[in-house]
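What follows is calculated from the coordinates using simple rules that are stated; it is not laboratory data. In this text the structure is predicted, and so the values were computed from the model without any measurement. Cβ coordinates were reconstructed from backbone atoms using ideal geometry, including for glycine residues, and neighbour counts include every protein chain displayed.
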Amino acid sequence: MTENGVRDLIIIGGGPAGYTAALYAARANLEPVVIEGFQWGGQLMITSDVENYPGYAEGVLGPEMMKDFRRQAERFGAEFVSDDVTRVDFSEQPFRIWVGEEEYRSEAVIIATGADARKLGLASEQRLQARGVSYCAVCDAAFFREKEIVVVGGGDSAMEEAIFLTKFADKVTLVHRREEFRASQIMEDRARANDKIEFVTNSIVEEVLGENSVTGVTIRDVNTDETTELPADGLFVAIGHDPNTKLFVGQLELDDAGYIVTKPGSTETSVEGVFAGGDVVDHTYRQAVTAAGMGCMTALDAERWLAAREGHLATALAAPRE
């Protein structure tokens, strides 16, 4: 931190991307402050077993993995603020970031605020998260070998998840609230050609059944109001994700879905000195390992940008004055 209280780097967000950025930045002696959020750890905090992250040969609980990430960054000097950013001002240097009434200032900022999977909003869904309710087929499909699964959704993501799940499950039932799907025709055709997938349209999931694990769902027909119980060992909700970017509306360029736009081949945003990585940028892969990789990229980009900026400042200060 410089004498006027302006830090080199502030990282907003505490998940795989934010903690990896903190690790790299701390090892580069940037002394980063990580404003990790009140609910730090990202989506992995609601994940049970993680078996596809390199280095954890026996698997690991999602929260334990995030504690490992955090502890490693802390070992090299990263500081943590376990609270939520309430406001930012990227209109001029140094950048200003508020946590309530407390103001932080920095030369560079990394944004790693992630994205949240949209949920059905059911109490039973929340209760059975990581106990049969999932939001990521790539992450959890292997836990449902020879099981019966329900997928909720009607877009390409839902079709893709259903098709992927058939590699493991005996049966996948795709439930959609309308008759027509939003998915592209080619994705719908692929799903319909798969004999393991059944379709239930004009229906919504009203309740997730089970005490300690999912045993089924209650489905209501939106036209007749008739309800039926469908046995199932798992429920995959595939109705989209929302990037956590409300703070940055009007501050940074966002795409139509609200994700932060970065320059090709870089993690730099539309504001010089502000970098972004992880699920707040990525609406394609959304994996812990890809988020961590992007976190590394943001730290390297920020470090190089700060070094170049210091070089320019030193040259300017050393230049002769008339």
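Along the Cα-to-C-beta direction of A130, a point sits 7 Å from the Cα; which residues of the stretch 45-83 have their amide N less than 14 Å from that point? The answer is 45-51, 60-68. Note on I111, I35: ascending count of other Cβ atoms within 10 Å places them as I35, I111, the fewest first. Computed from label points 7 Å out along Cα-Cβ, the spacing between E198 and E58 is 4.0 nm. Tally Lys and Arg at +1 and Asp and Glu at -1 over the other residues with C-beta under 13 Å from the C-beta of I197: what net charge comes out? Every neighbour counted, the sum reads -3.
Counting Lys and Arg as +1 and Asp and Glu as -1 over every other residue whose Cβ lies under 9 Å from the Cβ of T269, the net charge comes to -2.
Among the GluC sites (Glu not before Pro) found in the stretch 1-68, those both in a DSSP coil and sparsely packed, with 15 or fewer other Cβ atoms within 10 Å of their Cβ, are E3, E51, E58. If a spin label sat at a point 7 angstrom from the Cα of E229 along the line to its beta carbon, the backbone N atoms of the stretch 192-217 nearer than 12 Å would be those of 208-211, 215-217. Calculated from the structure, log10 I(q)/I(0) by the Debye sum over Cα atoms at q = 0.11 Å⁻¹ equals which of [x] -0.65; [y] -0.56; [z] -0.74? Of the labelled values, this structure produces [z]. Each Cα pair under 8 Å and six or more residues apart adds its separation to the average, and for the chain the resulting relative contact order is 20 percent. Report summary: the helix-based calculation at 222 nm, which adds -39500 (n - 2.57) for every DSSP H run with n ≥ 4 and divides by the residues of the chain, gives -8000 deg cm²/dmol.
For the stretch 52-69 versus the stretch 252-310, the spacing of their alpha-carbon centroids is 24 Å. Using 0.36 nm per residue and subtracting the Cα-Cα separation, the extra length available between V261 and R178 on full extension is 26.7 nm. Size of the stretch 119-237: Rg and Dmax of its alpha carbons, in Å, are 13.1, 38. Within the chain, the selection of entire DSSP H helices by a Cα span of 30 Å or greater along the long axis and an average Kyte-Doolittle value of at least 0.0 returns 288-318.
Among the chymotrypsin sites (Phe, Trp or Tyr not before Pro) in the stretch 36-122, those placed in a DSSP loop whose Cβ has at most 10 other Cβ atoms within 10 Å are F38. For the stretch 218-238, the residues whose amide N sits under 11 Å from a probe point set 7 Å from the Cα of R118 along the beta carbon direction are 238.
Beta bridges from DSSP with both residues in the chain: antiparallel share about 45 percent, rounded to the nearest 5. Contact order for the stretch 119-237, expressed relative to its length and based on alpha carbon pairs under 8 Å spaced 6+ residues apart, stands at 31 percent.
Among Y285, Y19, Y259, which comes first, then next, by fewest other beta-carbon atoms within 10 Å? Mind dumping the intermediate values first?
Details: Y285 12, Y19 32, Y259 19.
Arranged by neighbour count, lowest to highest, Y285, Y19, Y259 become Y285, Y259, Y19.
Which order results if K119, K67 are arranged by neighbouring Cβ count within 10 Å, fewest first? Provide the component values of the computation, followed by the final result.
Values: K119 13, K67 16.
Fewest to most other Cβ atoms nearby, the residues stand as K119, K67.
Taking every lysine pair in the chain that is 8 or more places apart or spans two chains, those with Cα atoms closer than 22 Å amount to 7. Can you list the GluC sites (Glu not before Pro) in the stretch 71-102 that are in a DSSP coil and have 14 or fewer other beta carbons within 10 angstrom? The qualifying sites are E92, E101.
When only Cα pairs under 8 Å and 6 or more residues apart are kept, what is the percent relative contact order across the stretch 65-112? If you can, show how the numbers build up before the last one.
Numbers: 40 pairs, mean separation 10.7, N = 48.
About 22 percent, as a whole number.
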